[in-house]
Amino acid sequence: MFTYNRIPPFIILFIFLFSFEALFAQDTAKKKSLVKITGTMGITYEGYGLNVKPTGSNIYSARKPWNQVRFLFNPTLNIGDKISIPLSMNFASMATNFAGPYAGLKNQTIGQFLTNPANNFSLNPKYKWVELLLGTQYIKYSDLSTGDIGIFGAGVNLSPGKFRFKYFTGISQQGINRVALPLPGTIGAFKRKHYMFQFGTEIEGVHKVAFTFSKAKDVIQSVTSPPLTVLPQEGFTFSFLLQRYLQNGWFLDMELAQSIFTKDLNQPLLLLSDDVSFKPFINARTSSVKDHAAKLIIGKKSPNFDISYATKYIGAGYQTTGYPFMQSDHWDNTVNTRFNLLKNKMNVNASIGQRVNNLSNTSLRATQFLGNINWFTQVNERLSVNVNYNNFGFQTVSGLNPFGIKNVSNDFGLSPTYTWSNEYATHMISMNYNYSKYDERDVFTGITTSNNTHTIIVSYMPIYTNRTITPDFSLMYFNNIVPTVKNQLLTLASGLGMPLFDNKLQLKGQVQYTIGKLNSFSANNNFILSCNLDYKINKKLTWNSFLSTNYFRYGNELGLIPLIGANYLESNLRTGLMYKF
């Protein structure tokens with residue numbers, strides 16, 4: 001079921017690093033007061049198996065590579081109390097993506113290996129107010145400039161006194177050639193280079209003033225076979241950030257930003273009436289757009305009560321490569337609060353407000369209610385209740401389609417928990433009910449469809465006074481209704497955990513059985529069995545293993561007679577060593 005895949009080199013590397021750490025520990029034992037190294041390292045093998053019947057029916061596709069080896073090495077070297085050198089190395093032996101530019105990629109170049117999202121290599125030495133950033137970093141300078149993508153490169157953070165200077169440059173995506181055959185092929189991608197810096201002043205807990213500049217540009221020449229569905233792009237963003245905190249709890253947080261984004265670098269430069277370029281940082285093209293964004297939060301915090309007003313405006317053409325999935329063309333206004341009552345037995349976090357979507361398109365402009373509440377109450381020593389509600393969604397234009405995209409989700413949850421005890425055990429029974437309503441508008445017809453889901457989960461867990469076993473039991477009912485489709489699931493699950501061999505081995509097993517019903521078709525059946533094994537070899541070395549098998553048998557919902565009763569068996573194995581030093 002699982003096949004062999006390049007394990008020995010990684011085991012050799014693990015043994016080498018293990019030995020290195022042991023020798024280093026011996027060498028530094030005499031200098032405990034000066035040099036100290038802490039952290040973790042480990043190696044993990046993952047095996048995946050899939051058997052589908054009838055063979056060749058393609059009713060279910062593999063979700064993982066058949067074999068994978070992952071390596072982790074995260075030490076931190078401290079020299080005295082002034083120098084700190086954290087190192088992070090987390091990588092896989094092969095490109096694992098089943099979607100995106102790495103999908104189908106068999107052999108990675110060194111550059112592709114280093115920038116693969118599945119891998120992480122970073123080194124962050126720090127001495128007093130100087131910090132170097134090397135390798136993969138997730139740089140967040142502000143909420144409107146850059147913040148949620150990994151970039152492989154180099155940079156520096158300087159913080160002498162109240163002054164701040166930050167700079168980083170690197171690559172978030174290597175060039176990958178498009179490959180059509182054999183299927184599924186490789187989508188491909190352009191190399192993307194990033195440059196960003198920020199300067200200003202900051203006193204923690206008092207104020208922060210900063211100017212941020214960030215740029216990213218795709219390199220067209222980085223591929224010889226360009227992707228068909230991805231255009232080479234360029235973006236430049238600059239922002240002004242101001243944060244102020246007063247001793248009486250009042251605070252102000254604001255940011256103003258502007259972006260210039262080129263959607264297609266293949267288009268010619270904008271030569272006439274060029275009021276878009278920001279030279280020398282970016283030269284606009286006919287596909288370039290300039291727009292603005294802003295946010296403001298003002299409020300007051302105290303131990304038992306917070307209140308604030310927040311507004312955020314994102315222009316229709318505002319786009320930053322630091323937040324590639326940021327929704328544009330909307331304006332949010334919310335009032336947010338948090339308070340504790342009844343001697344902290346009642347805790348409430350809530351917000352209420354409004355979003356205006358499609359500000360730039362009068363015909364599609366629409367308002368949307370924004371609401372969120374999480375209300376916890378400890379009724380008495382035995383009973384607690386948690387209530388939550390969330391409203392989320394967005395509306396935006398969709399190319400040349402007559403109707404824009406509209407997705408709105410409303411979720412309500414109720415979770416009571418009851419606990420009681422006797423001389424033998426403490427018993428806990430909990431119930432969770434969730435109702436979700438998801439509305440989506442078709443961009444071609446304008447018809448809005450609703451997806452309604454009810455979920456009920458009841459669970460029971462006893463904790464015995466004089467026994468080491470920890471069982472748990474749960475029952476789940478799931479009912480999902482969309483136009484022409486009704487899907488129902490009933491799931492029974494039970495688990496059992498126990499320590500063995502003087503608590504050196506922690507064993508946890510779980511069994512789960514589900515009956516599913518789709519419309520009027522015959523029921524399908526799903527059986528899942530899993531087991532966790534965590535064995536403590538010594539104080540520093542642990543062996544962790546996980547094994548699961550997932551058997552699914554269809555009813556007659558697949559339609560064709562040869563597929564009635566079709567089934568698949570999916571297996572997962574994960575085992576590895578983790579060393580703490």
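Return the residues of region 215-234 that are within 26 Å of Ile139 (Cα to Cα) and open to solvent by 30 Å² or more (accessible area, probe 1.4 Å); say none if nothing qualifies. Full working, then the answer.
Initial filter on region 215-234 (within 26 Å of Ile139 (Cα to Cα)): 215-220, 222, 230-234.
Correct list: Lys215, Lys217, Val219, Ile220, Ser222, Val230, Leu231, Gln233.
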Could you check region 352-373 and list, in sequence order, the residues that are assigned to a strand (DSSP E or B), open to solvent by 30 Å² or more (accessible area, probe 1.4 Å) and under 20 Å from Ala294 (Cβ atoms)? Gln354, Thr367
Flagged in region 240-283 as touching a residue at least 12 places away in the same chain (Cβ under 8 Å) and at positive phi, in numbering order, are Gly249
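Pull up region 39-84, narrow it to residues that are outside any strand (DSSP E or B) and polar (S, T, N, Q), then point me to the one that is farthest from Leu541 (Cα to Cα).
Ser57
Taking the criterion of being of a type in the set (Lys, Arg), within 29 Å of Glu46 (Cβ to Cβ) and assigned to a strand (DSSP E or B), would at least one residue in region 493-504 satisfy it? Outline the logic, then answer.
Filtering region 493-504 for residues of a type in the set (Lys, Arg) gives 504.
Okay, now just the ones that are also within 29 Å of Glu46 (Cβ to Cβ), so 504.
If we keep only those that are assigned to a strand (DSSP E or B) too, we end up with none.
Scanning region 493-504, I find no residue that is of a type in the set (Lys, Arg), within 29 Å of Glu46 (Cβ to Cβ) and assigned to a strand (DSSP E or B), so the answer is no.
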Among the small types (Gly, Ala, Ser), modelled with pLDDT under 95 and open to solvent by 60 Å² or more (accessible area, probe 1.4 Å) - does that describe any residue in region 415-423? yes
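Out of the residues in region 297-345 that are among the aliphatic types (A, V, I, L, M) and open to solvent by less than 30 Å² (accessible area, probe 1.4 Å), state the one that is nearest to Lys217 (Cα to Cα). Write out each step before concluding.
Taking region 297-345 as the starting set, the residues that turn out to be among the aliphatic types (A, V, I, L, M) are 297-298, 307, 310, 314, 316, 326, 335, 341-342.
Applying the additional criterion that residues be open to solvent by less than 30 Å² (accessible area, probe 1.4 Å) yields 310, 314.
Values: Ala310: 32, Ile314: 22 Å.
Only one residue fits best here, namely Ile314.
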For a quick check of your reading of the model, give me the residue pairs whose first member lies in region 423-436 and is assigned to a loop (DSSP other than H, G, I, E, B), whose second is buried (at least 16 other Cβ atoms within 10 Å of the Cβ), with beta-carbon atoms closer than 9 Å and at least 6 apart or on different chains. Tyr424/Pro462
From Ala154, Ala210, which residue is touching a Gly at 6+ places or on another chain (Cβ under 8 Å), open to solvent by less than 20 Å² (accessible area, probe 1.4 Å) and modelled with pLDDT of 90 or more? Ala210
Condition first: open to solvent by 50 Å² or more (accessible area, probe 1.4 Å) and not in a loop (DSSP other than H, G, I, E, B). Now tell me which residues in region 111-129 satisfy that. Phe113, Leu123, Lys126, Tyr127
Odd one out for Tyr513 among (1) at pLDDT 95 or above; (2) open to solvent by 60 Å² or more (accessible area, probe 1.4 Å); (3) farther than 29 Å from Ile463 by Cα: (3)
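The values are calculated or read from the model by the stated rules, or taken from the named source; none is laboratory data. Quick caveat: nothing in here was measured; it's all calculated off a predicted structure. Quick reminder, even Gly has a Cβ in these numbers, built from the backbone with ideal geometry, and neighbours come from all protein chains shown. Accessible surface areas use protein heavy atoms only, side chains included; no ligands, DNA or RNA. Shrake-Rupley method; radii C 1.70, N 1.55, O 1.52, S 1.80 Å.
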